[in-house]
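Visitor: Supplied in structure tokens, the structure appears directly below.
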Amino acid sequence: MNSIIKEIFPDNNFNEEESELLFSSLERSSLGKGAFLLKANEEINHIYYVHTGCLRGYIIDLDGKEHILQFAVKGWWISDYIALYGKSNILSVSYIECIRDATIYSISKSDFDQLRLDIPKVGHFHIRKMELAFASFQNRILENLTLSAKQRYINFVSAYPSIANDVKNYHIASYLGITTESLSRIRKEISIS
């Protein structure tokens, strides 16, 4: 029990009562490759911590094209944040698919909200995680607006080497907003230089 709490909430020292409360709020589950944690237009009221494996969160546009919003590997959180934290109570807009067998821990938003009140360290942890996620998403937008596809790929591989090695080329291309052909050309250019 204590090891998973330390993994999920690193740099936090919880007493035994707090650890038990946190652990009792978590639900462990396993997903096989290709399984969906969530599909668009479903009710969502959980956030998910990835203990092992890899998931991808994506949307499908009106033309049927997939756009990857997020990958999630060990130590990362994933959910449909628009549905969970948006101004109106809406259904999910994204899909979350397992792309490498995964073990996840889920917690309901209502339980998590209560834990943030009952254990202030959880609230501080959550704020810090949201700040980092917001900065990361904003950085990704800026990179998409200002950098070449080649530089975005180099930055991606350098920032997320475990993801770059473990996912299919078309997933990386979708995340970067380029075609798989462009990704192949970029990889070839990099290997030559």
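Visitor: Select from the range 78-111 the residues that are modelled with pLDDT under 95 and of a type in the set (Phe, Trp, Tyr) and write down the one among them that is nearest to Lys33 (Cα to Cα).
Guide: Of everything passing the filter in the range 78-111, Tyr81 is nearest to Lys33 (Cα to Cα).
Visitor: I would also like to ask the following. Please find, among Lys33, Lys39, Lys65, Lys87, the residue that is touching an Asp or Glu at 6+ places or on another chain (Cβ under 7 Å) and basic (Lys, Arg).
Guide: It is Lys33.
Visitor: A further question follows. Exactly one condition in (1) in contact (Cβ under 8 Å) with a residue 40 or more places away in the chain; (2) of a type outside the set (S, T, N, Q); (3) assigned to a loop (DSSP other than H, G, I, E, B) is not met by Leu62; state its number.
Guide: Condition not satisfied by Leu62: (1).
Visitor: Is it fair to say Ile107 is surrounded by 14 or more Cβ atoms within 10 Å (Cβ to Cβ), touching a residue at least 40 places away in the same chain (Cβ under 8 Å) and in a loop (DSSP other than H, G, I, E, B)?
Guide: For Ile107, the condition - surrounded by 14 or more Cβ atoms within 10 Å (Cβ to Cβ), touching a residue at least 40 places away in the same chain (Cβ under 8 Å) and in a loop (DSSP other than H, G, I, E, B) - is not met.
Visitor: Here is a further query. Return the residues of the range 14-58 that are surrounded by fewer than 18 Cβ atoms within 10 Å (Cβ to Cβ) and free of Cβ contacts under 8 Å to residues at least 24 places away in the same chain; say none if nothing qualifies.
Guide: Asn15, Glu16, Glu17, Glu20, Phe23, Ser24
Visitor: Quick one: which of Leu132, Leu69 is under 26 Å from Asn12 (Cβ atoms) and of a type outside the set (Gly, Ala, Ser)?
Guide: Just one listed residue meets the conditions, Leu132.
Visitor: Return a yes/no flag: does the range 134-146 have any residue that is out of contact with any His (no Cβ under 8 Å at 6 or more places or on another chain), among the hydroxyl-bearing types (Ser, Thr, Tyr) and in contact (Cβ under 8 Å) with a residue 12 or more places away in the chain.
Guide: So the first thing to find is which residues in the range 134-146 are out of contact with any His (no Cβ under 8 Å at 6 or more places or on another chain), and the list is 134-146.
With the extra rule that they be among the hydroxyl-bearing types (Ser, Thr, Tyr), the set shrinks to 136, 146.
Those left that are additionally in contact (Cβ under 8 Å) with a residue 12 or more places away in the chain: none.
No, the conditions are met nowhere in the range 134-146.
Visitor: Wholly within the range 133-186, which helices (runs of 4 or more DSSP H) include no fewer than the required count, namely at least 2 residues that are aliphatic (A, V, I, L, M), under 17 Å from the mean Cα position of the chain (by Cα) and surrounded by 14 or more Cβ atoms within 10 Å (Cβ to Cβ)?
Guide: Output list reads 161-166, 169-176.
The values are calculated or read from the model by the stated rules, or taken from the named source; none is laboratory data. No experiment lies behind these values; they were computed from the predicted model shown. Using ideal geometry, Cβ is built from the backbone for each residue, glycine included, and neighbour counts are taken over all protein chains shown.
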